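The values are calculated or read from the model by the stated rules, or taken from the named source; none is laboratory data. Please read all numbers here as calculations on a predicted model, not as lab measurements. Quick reminder, even Gly has a Cβ in these numbers, built from the backbone with ideal geometry, and neighbours come from all protein chains shown. For accessibility, only protein heavy atoms count, side chains too; no ligands or nucleic acids. Shrake-Rupley method; radii C 1.70, N 1.55, O 1.52, S 1.80 Å.
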Amino acid sequence: MTDTPIKILICALGGEGGGVLAEWLFELATRTNFFVQSTSVPGVAQRTGATTYYVEVYPVAKADLGDRRPIFSLNPVAGDLDFLVSSELLETARQTRAGMVTADKTRVLTSISRVYTNAEKMNLSDGRIDSSALIEEISQSSKDVISFDMAAIAAEENTVVSAVLFGAIAASSVLPIPRDLFESVIESSGRGVQASLRGFDRAYSQTLSTITGDTGDGPEQVSLTVDSFTASQTIPEIGFLPLSVQQLVTLGIERTAEYQNVSYASSYTDRVINVAKVERLSAGGEAGDFGVTAEVARYLALWMCFDDIVKVARLKSKSDRINRIRQDLKADHEDVVHVYDFLKPGIPEIAGLLPPFLAAPLMLYHRRRVESGKRALSFPMKLRASSVFGYGLFRLLGSFKWLRTFGSRFQEEQQLIEQWLLGVTASFTESPRVAFEVARSGRLIKGYGSTNERGRDNLLHILETVLPNLSTTETEKAVVIRSIVDAAQADEEGENFSSELLKRKLPQKPIVAQPIRWYKKP
Amino acid sequence: VCSGDHACMRISGCPSLTLKDNPDPLKEDPVATISDGCVGCGLCGENAHSATLCPSFYRAEIVKNPKPWERVVNHLSRAVMSVIAKN
């Protein structure tokens with residue numbers, strides 16, 4: 001005869017079916033003739049609320065108890081939880097931090113899937129919390145952990161994650177109840193039964209194999225695989241580089257060739273080899289890992305293929321695009337799909353394609369207009385890419401590749417690229433680590449319009465003002481540059497950037513005059 | 001087309017506008033994607049459009065049980081587009 005009930009805490013996000021799961025457990029226990037109590041703190045749809053459901057089951061048949069009744073607790077107590085079931089990894093970590101999970105008795109059953117928080121999403125580069133760190137913390141605080149990607153299973157079987165969680169609970173033998181009773185509860189629920197049963201079954205087998213097999217793995221790492229890249233694909237000039245770097249460079253060559261033409265691709269190769277030669281020299285002529293060259297190869301390819309009207313038009317008129325969208329929407333063959341692209345080219349985008357003598361007066365007009373407080377002139381449109389007209393227009397615009405090299409933006413970007421590359425190669429005189437960080441700062445260049453301008457301004461500030469003014473020793477220099485680059489990508493307003501510069505006693509960016517905008521009272 | 005800057009996420013608070021790993025091996029930063037929970041309100045797109053953020057947004061409309069005329073127009077358009085695509 002057990003003293004205490006089995007205590008299960010269910011954590012889910014709003015809309016994931018945590019309440020359904022609690023009801024199922026309740027129903028399950030009732031059918032087994034156990035006493036059960038469940039309480040809940042429900043939330044709202046999506047991630048508006050994290051929802052928790054607390055279920056206590058007294059695993060003794062009612063008949064055996066006679067007149068006695070178990071006393072249940074209304075809420076979970078830290079330090080006294082048998083089982084934590086969660087559909088999202090951060091929620092599990094949150095409950096662990098709150099003390100709900102203890103190493104002496106709490107078993108954890110969690111999905112490794114994540115729903116990102118706004119703070120993680122807002123970072124200009126990658127603000128995602130490292131899942132393996134979360135899993136590590138949870139593992140250390142708990143008795144044992146069963147973890148796998150439940151959201152993926154739920155999506156694949158077209159069901160809700162509650163069925164998946166139910167299957168995992170069944171397989172983990174938290175409750176001394178046979179599997180078919182679990183399934184009978186799902187069957188009587190009446191809604192989406194087949195899909196739920198499939199999800200249940202997959203979770204059941206996955207949990208068993210996790211328990212009997214080895215530990216639950218962390219999220220898979222997506223990385224470049226070198227195995228598919230054979231030596232026969234090597235371009236001779238870059239043969240002296242390690243395979244992984246060659247792979248990056250080859251990708252870059254393909255990109256630049258597709259973006260413009262073959263001679264553009266060979267200017268890319270020349271630039272990369274230039275950096276590689278300087279790197280090899282600085283390593284004393286030995287074969288190193290060419291880390292700086294790899295970094296340059298990556299960001300140079302992206303920068304040389306900057307986003308202009310022609311590139312966007314080409315991307316939007318790729319032959320399989322409409323079909324891909326149809327697939328994403330799960331459209332049947334007879335369904336009609338309309339796609340409206342949101343475009344808003346402004347004067348800078350148009351001037352970018354024109355030669356400097358035409359672009360200059362346009363940009364002057366643009367600047368004067370913005371400075372005087374008026375809104376910048378732009379041409380917003382919602383172009384129907386699924387119509388012959390829209391598609392034809394995209395193809396027409398995409399055919400203006402030849403115009404690009406005469407355009408003002410092309411020449412500007414090449415100039416800036418050279419400036420950056422010079423900064424990289426010059427930094428080798430300091431140390432390869434500093435050169436690496438300067439190469440890495442190429443990541444600041446991305447995006448469209450004001451986003452792109454901001455990244456460009458930040459990079460220029462680093463190249464022109466920060467680098468010459470660094471007075472610290474060699475290793476510290478690399479750390480300083482890295483922290484400044486990361487600060488530039490921490491927020492949009494540039495506050496992190498400024499405060500980092502202040503911390504390092506470096507000059508700030510010059511203050512740009514902001515126009516005062518006048519609006520008529522409606 | 002997404003550059004991985006996430007300005008759209010900073011402007012919109014929608015939980016369905018989330019991150020996914022970049023399919024481009026050259027880029028490292030995650031890109032924006034719309035998850036299954038999207039109810040199709042269009043706010044994220046309108047915001048990005050007004051703020052001139054990014055040409056990545058599009059609105060996809062799916063017409064179920066189209067009228068015979070709509071179907072004909074659709075098939076013709078797709079045929080013409082695939083001819084244009086080959087050139």
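Could you go through the stretch A:303-323 and let me know if any residue there is free of Cβ contacts under 8 Å to residues at least 40 places away in the same chain, aromatic (Phe, Trp, Tyr) and more than 29 Å from B:VAL39 (Cα to Cα). No: the stretch A:303-323 contains no residue that is free of Cβ contacts under 8 Å to residues at least 40 places away in the same chain, aromatic (Phe, Trp, Tyr) and more than 29 Å from B:VAL39 (Cα to Cα).
The number of residues in the stretch A:306-350 being more than 21 Å from B:LEU26 (Cβ to Cβ) and in contact with a Pro (Cβ under 9 Å, 6 or more places away or on another chain) comes to 9.
Condition (residue is within 14 Å of chain B (Cβ to nearest Cβ) and within 23 Å of the chain's Cα centre (by Cα)) applied to the stretch A:464-483: is it met by at least one residue? For the stretch A:464-483, residues within 14 Å of chain B (Cβ to nearest Cβ) and within 23 Å of the chain's Cα centre (by Cα): absent. The set of residues from the stretch B:34-87 being over 13 Å from the mean Cα position of the chain (by Cα) and among the polar types (S, T, N, Q) comprises B:ASN47, B:SER50, B:THR52, B:ASN65, B:ASN74, B:SER77, B:SER82, B:ASN87. When the stretch B:51-87 is filtered for residues that are part of a strand (DSSP E or B) and either basic (Lys, Arg) or more than 7 Å from chain A (Cβ to nearest Cβ) (or both), only B:ARG59 remains. Restricting to the stretch A:490-516, and then to whatever is farther than 30 Å from A:ARG369 by Cβ and open to solvent by less than 70 Å² (accessible area, probe 1.4 Å), can you tell me which residue is modelled with the highest pLDDT? Among them, the one singled out is A:SER499.
Among the strands (runs of 3 or more DSSP E) confined to the stretch A:1-108, the ones with at least 2 residues that are free of Cβ contacts under 8 Å to residues at least 40 places away in the same chain and over 26 Å from A:ILE129 (Cα atoms) are located at A:35-41.
Identify all residues within the stretch B:33-50 that are under 17 Å from B:ILE11 (Cβ atoms), open to solvent by 40 Å² or more (accessible area, probe 1.4 Å) and either facing another protein chain (nearest Cβ under 9 Å) or polar (S, T, N, Q) (or both); write none if there are none. Once the filter is applied, which keeps residues that are under 17 Å from B:ILE11 (Cβ atoms), open to solvent by 40 Å² or more (accessible area, probe 1.4 Å) and either facing another protein chain (nearest Cβ under 9 Å) or polar (S, T, N, Q) (or both), the stretch B:33-50 yields B:GLU46, B:ASN47, B:SER50.
Out of A:LEU444, A:LEU364, A:LEU396, one residue alone is open to solvent by less than 40 Å² (accessible area, probe 1.4 Å) and not aromatic (Phe, Trp, Tyr). It is A:LEU444. Within the stretch B:10-32, being open to solvent by less than 30 Å² (accessible area, probe 1.4 Å) and over 24 Å from A:CYS305 (Cβ atoms) holds for B:SER12, B:SER16, B:LEU17, B:THR18.
Taken across the stretch A:136-143, residues that are out of contact with any Leu (no Cβ under 6 Å at 6 or more places or on another chain), under 23 Å from A:GLY79 (Cα atoms) and part of a loop (DSSP other than H, G, I, E, B) do occur, with at least one present. Scanning the stretch A:174-190 for residues that are in contact with a helix residue (DSSP H, G or I) (Cβ under 9 Å, 6 or more places away or on another chain) and either farther than 14 Å from A:LEU25 by Cα or small (Gly, Ala, Ser) (or both) turns up A:SER184, A:SER188, A:SER189. In the set (1) open to solvent by less than 80 Å² (accessible area, probe 1.4 Å); (2) farther than 22 Å from A:LEU300 by Cα, the condition left unmet by A:LYS520 is number (1).
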